[in-house]
Structures are given as structure tokens and as C-alpha cells.
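The values are calculated or read from the model by the stated rules, or taken from the named source; none is laboratory data. This one's a predicted model, so the numbers in the text were calculated from it and none came from an experiment. Heads up, the Cβs are rebuilt from the backbone with ideal geometry, glycines too, and the neighbour counts pull from every protein chain shown. The accessibility values were calculated without ligands, DNA or RNA, using every heavy atom of the protein model including side chains. Shrake-Rupley method; radii C 1.70, N 1.55, O 1.52, S 1.80 Å.
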Amino acid sequence: MKKNAKLKSDKKSKKEKKKTKAKLKLVKKPVKKAIKKGAKKAVKKTASKKTTGAAKPYSQKPMSKATRALLEKGRAYYTFAYKPRDIIVDRGEGAMVWDLDGNNYMDFGAGIAVTGLGHHNKELLDVLMKQAKKIWHTSNIFFTAPPVLLCEELVKASKFAKRVFLTNSGGEANEAAIKLARKYAADKGRTPEQRDIITFHGSFHGRTLATVTATAQPKYQQGFEPLPGGFRYCKFNDFQAIEQMVNGNTCAVMLEVVQGEGGITPVAPGFLKHVQDLCHKHDALLILDQVQCGMGRTGHLFSHFAEEGVKPDIVTMAKALGGGMPIGAMLVGEKGENTFQFGSHGSTFGGNPLACSVARVVLKKLQTPALIKNVRERGKQLVDALKGLDARHGLFTEVRGRGLMIGAELKPAYHGKAGDIAEMARRQGLLMLQAGPNVLRFLPPLVITQKEMAEGIKRLERSLGLFIAQK
């Protein structure tokens with residue numbers, strides 16, 4: 001009896017499935033026809049319009065409950081050190097990212113010059129997963145292959161370094177450089193009063209107590225006094241001023257080849273060589289902070305390669321070196337290669353095998369002529385476009401920078417509005433940065449295509465138009 005009932009049930013379910021399939025076919029046919037018909041109409045409508053090159057209107061999907069909930073939690077549990085925009089970034093591909101609600105954004109910030117090879121890079125993902133299946137962490141009590149090989153490759157690529165100290169961030173790399181410079185002077189028999197480090201107005205070297213003191217911008221230092229001593233500040237790109245300041249009490253001069261937080265201000269032609277000569281004269285170390293401006297960002301693997309005859313004693317780096325993985329490095333040349341001895345300095349996570357595995361692939365990719373060529377070409381495309389936008393809208397006093405590290409300084413009438421423009425851009429599908437209140441900062445992925453750049457520029461122009469209309 002049970003078997004007969006089961007057979008009847010199976011026959012009944014088969015008949016029902018056939019009926020359902022038949023119904024679906026009837027539904028699909030008109031739907032397909034409607035889609036084709038709609039597509040044809042859209043093509044005809046598009047063809048009848050004149051193409052002006054203007055960006056299509058951008059409308060964002062309404063914020064979901066899930067996004068609102070996460071934003072509320074972020075505001076509830078983060079300290080107030082950050083002020084994130086109202087967006088939950090969910091995923092990325094190349095130069096594009098999507099939020100949790102499915103809105104897309106062209107990324108002209110690259111995580112503050114970090115994701116140089118774009119988002120979700122397959123080669124980086126593959127090497128990360130491969131290493132993740134082996135070992136994640138050991139500390140520097142033991143060797144592992146990835147950091148050993150990375151250090152070798154960094155030394156060779158730098159054309160000056162002898163040794164490397166691996167860190168987790170740019171601030172930590174700069175902290176190591178400051179300590180090494182002081183120790184170098186101490187080993188030479190110099191008293192604490194003879195271990196001054198000169199940095200430049202507009203610089204940014206980190207958020208630790210020593211690096212924020214090296215950062216010659218009072219707004220970053222206020223409230224954190226008493227600050228460490230032994231730092232002196234000089235006007236950037238002032239040949240005469242630096243010549244008067246460097247003396248027998250100077251143990252190092254530290255500077256960025258392109259100041260980032262200081263407004264995207266490149267070093268003047270010949271200034272690096274001038275500072276180097278002064279360092280040689282007074283046995284001081286030349287420290288080049290290339291945390292933001294290094295690793296291909298300016299159209300050279302190392303940004304000082306643009307000036308012939310410059311051979312630094314120390315270079316610090318981070319950001320793009322890991323392509324999104326946290327890693328930094330201090331490269332040290334012949335003068336200071338023996339300064340750090342056992343116990344002089346350390347880092348628990350510095351040289352982590354996961355980060356180093358990824359960094360090795362990043363470094364290899366950043367040295368390819370095709371990538372460097374793209375940086376220079378896309379940089380020119382962006383600068384030309386910004387100058388064109390200025391001709392139409394009259395917003396900027398200057399467009400400056402190198403490679404894909406570009407700043408557009410706002411006219412006095414728009415001072416203090418860089419943040420407002422960046423927020424307007426976000427609402428129009430473009431993620432961008434500011435360098436202080438008066439400079440728009442552009443740091444797109446180094447692999448951004450011509451088409452992606454053009455789309456980002458269209459979104460920028462739409463944003464600027466809406467911003468001006470509000471005034």
C-alpha cells in the first residue's frame with residue numbers, strides 16, 4: 001500500500017513540475033521580447049541624441065537599514081580620532097569600489113596611496129592565500145623566507161641600501177629612522193645637544209610622539225606637549241635657509257620628496273642635491289620619507305630617482321609597498337648600516353610573512369616599465385583635465401604634483417572647502433581626498449586605465465558644478 005501511494009505521489013509531482021516549466025516558458029517568452037524591445041528603444045533613443053561627453057546623471061540607492069546600523073555602531077565604538085564619511089565600503093575591483101548598498105565609486109584616493117595595484121588584485125590574492133596556508137607569524141627570533149627575500153629585493157631595487165629594518169607602518173619606519181640617526185651621532189661621540197634633526201614646514205612624518213614632533217605642523221602637535229627635544233624646522237625649498245641651519249649639531253635632515261599632507265608640494269629642482277651636499281659636509285644623515293610619495297607614485301619606483309646624483313642615507317616607506325597589507329620598511333645605506341646592533345630596536349610584527357609575501361609581488365609589479373609608463377600618462381591626463389576644469393569653473397590657483405600624486409589648490413574664495421567638495425564628490429560616485437582645508441588631493445591606483453580616469457574626471461566635474469551651484 002505504501003509503495004503504491006508513493007508511486008502515485010511521484011507521478012503527481014512530475015506532472016506538477018511539467019506544468020510549472022510550461023508556465024515559466026510562457027512567462028519567459030514575453031519577458032525576453034520586452035527586454036529586446038526595450039533595448040532596441042534605448043539604442044534608438046541614444047542614437048538620436050548628440051553625444052556631448054558629459055557624465056550621466058548619478059543617483060545613489062537609498063541607504064539601507066544594514067548600512068545605517070553599521071554607521072551607528074561605528075560612531076558608538078570608534079574613538080573620535082577619525083571622522084569617516086557615511087559609507088560602508090564593501091568590495092572593490094581595480095579602481096572601482098562598491099558600498100554595502102551596491103552604489104559604485106571611482107576610487108581617486110587608493111586608501112591614501114596604499115592600493116597602488118588596485119583592489120582585489122588576483123596576483124596579490126593568490127600569493128596571500130598560498131602563504132596563509134603555510135605560516136602567519138613567528139616573530140624576529142626566527143628567520144622566514146618571505147622577509148629575507150623581500151629585504152634582498154628592496155636593497156637591489158633601491159640602488160643605495162645595504163640593510164633593511166621591516167615595520168608595520170610609515171610612522172614606525174620613520175621612528176626607526178629617527179632612532180638610527182641619533183644612535184649614529186652618539187656612536188660618533190656627539191653629545192645629546194649635537195643630535196638635532198632638521199625637518200621642514202608643511203611636512204608630515206607620522207603620529208607617534210617623535211614623528212609628530214618631526215612633523216613641522218603645529219595643528220598635529222597641539223595638546224600632546226611636552227614634545228621630545230632635538231628637532232628644528234626649516235622653510236621647505238629654501239636653499240639659503242637650510243644652508244644656514246645645518247651645522248655640527250645636526251645629525252640628520254629629514255624630508256619628503258613630495259609633501260603629502262602639506263598640500264602636495266614637490267621638492268624644488270636641485271634642492272635634494274643641495275641638502276645632500278650639506279649633510280656630507282657636516283656628517284649628517286639624509287633621510288627621505290617616501291611613505292606616500294614612493295613606490296611608483298610619482299612616476300619613479302623611488303621618488304628621488306627623478307633627481308640625478310642623489311643618494312640618501314635612509315629611505316622610509318610603507319603604504320603602497322603592501323598593496324593593502326600593513327607593512328613598512330626603513331632602508332639604510334653604507335653610513336648607517338652597522339648602527340643598529342642587537343637590542344637597539346625591534347618590532348613584534350615587523351617582517352610578518354603574510355605581509356612580506358604580498359610585498360614581494362607588489363615590488364616586482366611596481367618595477368615594470370608598463371606600470372611606470374601608465375603612471376606618467378594617467379598623471380598627465382589628470383593634470384590636463386584639472387586645468388581644463390579650472391578654465392571652465394575658475395576654482396584653482398595651482399595644479400601641482402608628480403605622476404599620480406596631484407594636488408589642486410583652491411582659490412581664496414573657496415578656502416576651507418576641500419572637505420565639502422570631497423563629500424560632494426562621494427555623493428556623485430567619486431572617492432577623493434584633501435591635503436589640508438584648501439587642497440584637493442588625487443591619489444588614484446597606479447593601474448587606473450584611461451577609461452576609468454576619464455569616468456572619474458566626469459564625476460569630478462559634475463561634483464564641482466553642483467558645489468558651485470550651491471554657493
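Brief remarks follow.
- Charge dipole (Cα centre; +1 on Lys/Arg Cβ, -1 on Asp/Glu Cβ; no other charges) of the chain amounts to roughly 6020 debye.
- Average Cα contact separation per residue, segment 122-367, under 8 Å, 6 or more apart, as relative contact order %: 30 percent
- Among ALA284, THR138, ALA216 the positive-end extreme of the charge dipole of segment 122-367 (Cβ point charges): THR138
- Here the dipole of segment 311-384 is about 360 debye; that uses its Cα centre as origin and unit charges on the Cβ of Lys and Arg (positive) and Asp and Glu (negative).
- The residues of the chain expose, per residue, 53 Å² of accessible area to a 1.4 Å probe.
- Taking the 1.4 Å solvent-accessible surface of segment 122-367 as the whole, the part contributed by carbon and sulfur is 56%.
- Segment 301-370, relative contact order in percent, only Cα pairs under 8 angstrom and at least six apart counted: 33 percent
- For segment 77-116, with +1 on Lys and Arg beta carbons and -1 on Asp and Glu, the positive-most of GLY94, PHE108, THR79 along the dipole: THR79
- Per-residue 3J(HN,Hα) values for segment 264-275, derived from phi via the Karplus relation 6.51 cos²θ - 1.76 cosθ + 1.60 with θ = phi - 60°, read 6, 10, x, 5, 5, x, x, 5, 4, 5, 4, 5 Hz in sequence order (x marks Gly and Pro).
- Antiparallel DSSP beta bridges within segment 122-367, as percent of all bridges there, nearest 5: 40 percent
- Put the Cα centre of segment 316-343 next to the Cα centre of segment 100-174 and the gap is 12 Å.
- From phi via Karplus (6.51, -1.76, 1.60), per-residue ³J(HN,Hα) for segment 304-321 in Hz, x at Gly/Pro: 6, 4, 5, 10, 5, x, 9, 9, x, 8, 9, 10, 10, 8, 5, 6, 5, 4
- The residue list ALA66, THR167, ALA413 was ranked by how far each Cα lies along the charge dipole of the chain toward its positive end, using unit charges on Cβ atoms, and ALA66 comes out on top.
- Accessible surface of ASP238, taken over heavy atoms with a 1.4 Å probe and every protein chain present, rounds to 50 Å².
- In plain terms, the chain is cut at each of the chymotrypsin sites (Phe, Trp or Tyr not before Pro) found in a DSSP loop with at most 12 other Cβ atoms within 10 Å, and the longest leftover piece is 343-471.
- Using C-alpha pairs below 8 Å separated by at least 6 residues, the relative contact order for the chain is 20 percent.
- Beta-bridge orientation, the chain: approximately 60 percent antiparallel, per DSSP, counting only bridges with both partners inside.
- Separation between Cα centres of segment 249-282 and segment 391-470, rounded to whole Å: 28 Å
- Restraint check, LYS281/LYS373; LYS179/LYS281; LYS188/LYS364; LYS156/LYS273, Cα-Cα greater than 27 Å: LYS281/LYS373; LYS188/LYS364
- Stretchable slack from ASP187 to LEU149, in nm (0.36 nm times residue separation minus alpha-carbon distance): 10.7 nm
- Sum of -39500 (n - 2.57) over DSSP H runs of 4+, divided by residues of the chain (222 nm, nearest 500): -14000 deg cm²/dmol
- Three-way shape call for segment 122-367 based on the alpha-carbon gyration tensor, with the a/c threshold at 1.5: prolate
- Under 18 Å of direct C-alpha separation, and excluding same-chain neighbours fewer than eight residues apart, LYS219 reaches these aspartates and glutamates: GLU261.
- Links that overshoot a 31 Å alpha carbon limit, given the list LYS365/LYS458; LYS122/LYS411; LYS130/LYS183: LYS122/LYS411; LYS130/LYS183
- In this structure the amide hydrogen of ALA252, modeled in the peptide plane, comes within under 5 Å of the amide hydrogens of ILE198, LEU285, none closer than 5 places in sequence on its chain.
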